[in-house]
1. At a 10 angstrom cut-off on C-beta neighbours, averaged per residue, how do the peptides 133-140, 44-51, 298-305, 236-243 rank from highest to lowest?
2. First obtain the Kirkwood hydrodynamic radius of segment 26-87 from its Cα pairs, then insert it into the Stokes-Einstein equation at 20 °C and 1.002 mPa s, and state the resulting D in µm² per second as a whole number.
3. Compute the distance in nm between two label points, each set 7 Å from the Cα along the Cα-to-Cβ direction, one at residue 185 and one at residue 297.
4. For a quick protection proxy, order the peptides 193-199, 78-84 by their average other-Cβ count within 10 Å, most packed first.
5. Label segment 115-202 by shape, choosing from rounded, prolate and oblate, from the square roots a ≥ b ≥ c of the eigenvalues of the Cα gyration tensor; if a/c is under 1.5 it is rounded, and otherwise prolate applies when a/b is larger than b/c, oblate when it is not.
6. Label points 7 Å out from Cα along the Cβ direction at residue 47 and residue 269: separation in nm?
7. Residue 77 to residue 311: extension gain in nm, 0.36 nm per residue of separation minus the Cα-Cα distance?
8. Place the peptides 115-121, 278-284 in order of packing, highest mean first, counting for every residue the other Cβ atoms within 10 Å and averaging per peptide.
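What follows is calculated from the coordinates using simple rules that are stated; it is not laboratory data. These figures come from a predicted structure and were not determined experimentally. A quick note on method: Cβ atoms are made from the backbone with ideal geometry, for glycine too, and the neighbour counts reach across all protein chains shown.
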Ligand SMILES: [Zn+2]
């Protein structure tokens, strides 16, 4: 476990983001189709509610942040500003982003964290909510293999929290992102606050020069042949690597995480597929063009858009949700073994492995 007894609020939370800046960045969704109008959480009227969206695409507000168009009869209006007041940690996350960006731009030598911290975190998986979720879906063996491969650790900053280390190609640790998940659903705990923080911040190292890298970047030098698939969330990368093992899955850790030109360099001479979450396609298209400037060929997949139903789109499904609806052979085996425990002995004795699933996937 890491970081005993420290609780630190890293990023300045001195003020709510300035109104002007917020108005510029967060705005009511423009009308495109009837599906861009929703049911009002206050009056219940259908197709009348307009949500706030982040023009930079990194903040997804909950469904109740928006305005009811029945101004006279209802008048419900919940602004991003109010949301940040009610959810100070979300604001913290948001405030953290420009700091990270600035440090990337400054062109200084990054700092690294001690390897011992990481090593100490690679245990106590029984107290790691995300691991427990994976275990319930894929069984212990597969989950442990996966967590070790990606070097996902357990943190005790919050009970049950998970740490996603960002380890670069030279095996140097840039930082670790600590997040808390629900063990049953595998969803992030967002109440009463968003439960996300960073190891370098908790350690309170002065002037720590943070330069983020991809989650999973350390796997690039071990596996030079597989095409690289990039997603936003660390959890999605882990899940997708079980379902679609023919790709090497890495994560940006959020849109403002590490998709800068500086970071993209590690993708040179690789085949790259970008997997946007729903609604983030345009942003990823621009990133794909930036990659092209650097001589990196990438394609933006419509995997999710082309498969998700209207309801799933409304629910804000991501790739992980979508994949989890499908059963892998490993999942079926895990369920079968749970019902017939003596089977495990057989599997262990003969070192049996299920045939890996192959989903139809576009060739890069
Ligand atoms: Zn209303």
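1. Sorting 133-140, 44-51, 298-305, 236-243 by mean packing, highest first, produces 236-243, 133-140, 298-305, 44-51.
2. 182 µm²/s
3. Label-label distance for residue 185 and residue 297, simple model: 4.2 nm.
4. Top to bottom by mean Cβ count within 10 Å: 193-199, 78-84.
5. oblate
6. 5.6 nm
7. Once the chain is fully extended between residue 77 and residue 311, it gains 81.8 nm.
8. 278-284, 115-121
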